[in-house]
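Nothing in this text is a laboratory measurement; each read-out follows from the coordinates by a stated rule. Everything quoted here is computed from the prediction, not taken from an experiment.
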Amino acid sequence: MTIFALARRPTPLAEVTLNDRLLDSSLGVIVHSAFAQRHIQEKRPDIPTAVIPQLIAPYATHSRRAELGLSDDVVLFGSVGQITAASDTPELLANAAGSCWIRGSPHTSSSSARSCRRRPWKRRSLIWIWSHITRTGYRNLAGFVDWTTTPDVVLNLRYPTLGETSASALRAMATGRPVIVSDHGWYSELPDEAVVKRCRLIRMK
Amino acid sequence: MPADSDEVTLLEAMLDLARHPAKREAIGRAAHYVAEYCNPDAVAELC
């Protein structure tokens, strides 16, 4: 049985949030989140820090929805950007029958397959939703922003975080799309009324 | 159980937004407003 819990799992990379050598050679550090600033201050309280927004240039966009051939009443969910194990959402979406999901590249984890074997209903749901996924593949920036504009709702889940911000989430927000995010790291600092925050999801094997 | 509750919260969030277009619009509007703080042109004007 796969369990998602609010707990820590061994993620050594996440423990090395900042490079010591970089801090040693810096007179000050400018970051994009209080999360990253806090990590610096805990490690090197003598180094001055400042937080500034990550800059995202606005682009003219147009929805690609017509290319999907969907009826107007279908609510489209999308995940955009570099899809990695840290944004491991297919299994979670197995329950979300009735929705479509776009993402940049195919990815499913072996643990997802194991979970499906143990929970046949989830396997059926996963098969259903995978059959309704449209994968755009990698696109140039203009195409990427267009596809970011296309979903009715954007999913931007991530764990772990090393203190990075998400340009994909910001681009989706800039186009006026509601975004569901993981409630940790930089995402937690987004105003509550501007995103939908969900608990961070960690698979305990 | 945390597993189910977490999955449900994500599913609930998706269904909630799917069923309520006004909520999608309100959150999207707020998101756009927040993203304006990340617009280089707007920041340049402040400088």
5 Å is the cut-off here: which amide hydrogens, built 1.01 Å from N in the peptide plane, fall below it relative to A:Glu164, excluding neighbours closer than 5 in sequence?
none
From phi via Karplus (6.51, -1.76, 1.60), per-residue ³J(HN,Hα) for region B:13-26 in Hz, x at Gly/Pro
4, 5, 5, 4, 6, 5, 8, 10, x, 5, 5, 4, 5, 5
Each residue of region A:59-70 in turn: what ³J(HN,Hα) in whole Hz from Karplus with 6.51, -1.76, 1.60 and θ = phi - 60°, glycine and Pro shown as x?
10, 6, 10, 9, 5, 9, 4, 4, 5, 8, x, 9
For B:Lys23 and B:Ala42, compute 0.36 nm times the residue count separating them, minus their Cα-Cα distance, and round to one decimal in nm.
4.1 nm
For A:Asp183, residues with placed amide H under 5 Å, excluding near neighbours:
A:Arg198, A:Cys199, A:Arg200
Taking placed amide H atoms and a strict 5 Å upper bound, the residues 5 or more places from A:Gly176 or on another chain that come that close are B:His32
Quick one: Karplus J couplings for region A:146-163, per residue in order, coefficients 6.51, -1.76, 1.60, θ = phi - 60°, nearest Hz, x for Gly and Pro?
4, 6, 5, 6, 5, x, 6, 9, 10, 9, 9, 9, 7, 7, x, 10, 9, x
